[in-house]
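Here the structure comes first, spelled out in structure tokens, and everything after it is commentary.
Readers should treat all values here as calculations from the given coordinates under stated rules, not as data from a laboratory. Treat the numbers as computed from the prediction; the structure is a model and nothing was measured. FYI the Cβ positions are ideal-geometry reconstructions off the backbone, even for glycines, and counts take in every protein chain you see.
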């Protein structure tokens, strides 16, 4: 399970880096762009994917281009969510995006609906409602509206990414080839925003943001690599890997957010986190 732990650490580290970006004077848009340069290079060097399937007729280029456009966009949304709503809500919303993916599997891919999946989906939706709910004084504050909008954007965005991934997988494209194409296509798109800011706002490209992007790319790729290694080490226990990864991220994200960054959550928000853990467990073992 060491690879699951490393994947969890890398996933939470991404959120921590995004949370610290402003304090470290890192331009998030630049860091995200450089992140894809690092992730693309590491995919080629470490995974060494064969790109033969991408040259064949019927290759899912539309889905891959959609993924390339979504990735930097949702990364920016995740950064905004971490900054405004905190790591706890953002990590839980990201992991609960599997609920929309599951609903899409029923509607688009013909997957069977079971009692466990139905119960897990209901628990997950209730968890999401509890986590984004802002009551009392929080609801009257100026940031209350954005507090729940950003996690919901993360929730929907990561679900769309997962759905497009399923489309690519159903077309027979191996994961390594899909990642290589996706990161390579996302790279120029990710540089559009920092280039626009450079031209319009005279924002300079700087070494600190580039180094932040390298750290972000290493954590981002590490999350993917160690998750794949965990599945290879436990090929007969995919549900265990899935559950351990998602529950671990939500739990560690909650600890980091509450203890290190002193994020303030209501009792209802904390109940939402616990329901999220329960929902993931029910879905995995169901």
Taking N as its residue count, the alpha carbon Rg of segment 2-285 over 2.2 N^0.38 Å: 0.99
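Restricting to Cα pairs below 8 Å that are 6+ residues apart, what does the relative contact order work out to for the chain? Please round to a whole percent. Display every interim value, and only then the final one.
Numbers: 395 pairs, mean separation 121.6, N = 286.
The value is 43 percent.
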Cα coordinate range in segment 62-216, projected on the principal axes (Å, largest first): 55, 51, 24
For the chain, built as a Gaussian network whose Cα springs stay under 10 Å, the top-fluctuating residue of 67, 100, 113: 113
Protection proxy ranking, peptides 165-173, 212-220, 192-200, 23-31, average beta carbon neighbours within 10 Å, highest first: 212-220, 23-31, 165-173, 192-200
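Give, in nm to one decimal, the length gained when the segment between residue 203 and residue 122 is fully stretched (0.36 nm per residue of separation minus the Cα-Cα distance). Please list the in-between numbers first.
Details: separation 81, 0.36 × 81 = 29.16 nm, distance 4.55 nm.
Here the segment from residue 203 to residue 122 would lengthen by 24.6 nm.
Classify segment 200-275 as rounded, prolate or oblate, taking a ≥ b ≥ c as the square roots of the eigenvalues of its Cα gyration tensor: rounded when a/c is under 1.5, otherwise prolate if a/b is larger than b/c and oblate if not. The partial results should precede the final answer.
Numbers: a/c = 3.29, a/b = 1.23, b/c = 2.66.
Oblate.
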Value at 222 nm in deg cm²/dmol, rounded to 500, when DSSP H runs of n ≥ 4 in the chain each add -39,500 (n - 2.57): -25500 deg cm²/dmol
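Taking a cut-off of 16 Å, what percent of all Cα-Cα pairs in segment 48-119 are separated by more than that? It would help to have the intermediate numbers written out before the result.
Numbers: 1755 of 2556 pairs.
Result for the distance tail: 69 percent.
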Highest-MSF residue in the chain out of 155, 183, 226 [GNM, Cα springs under 10 Å]: 226
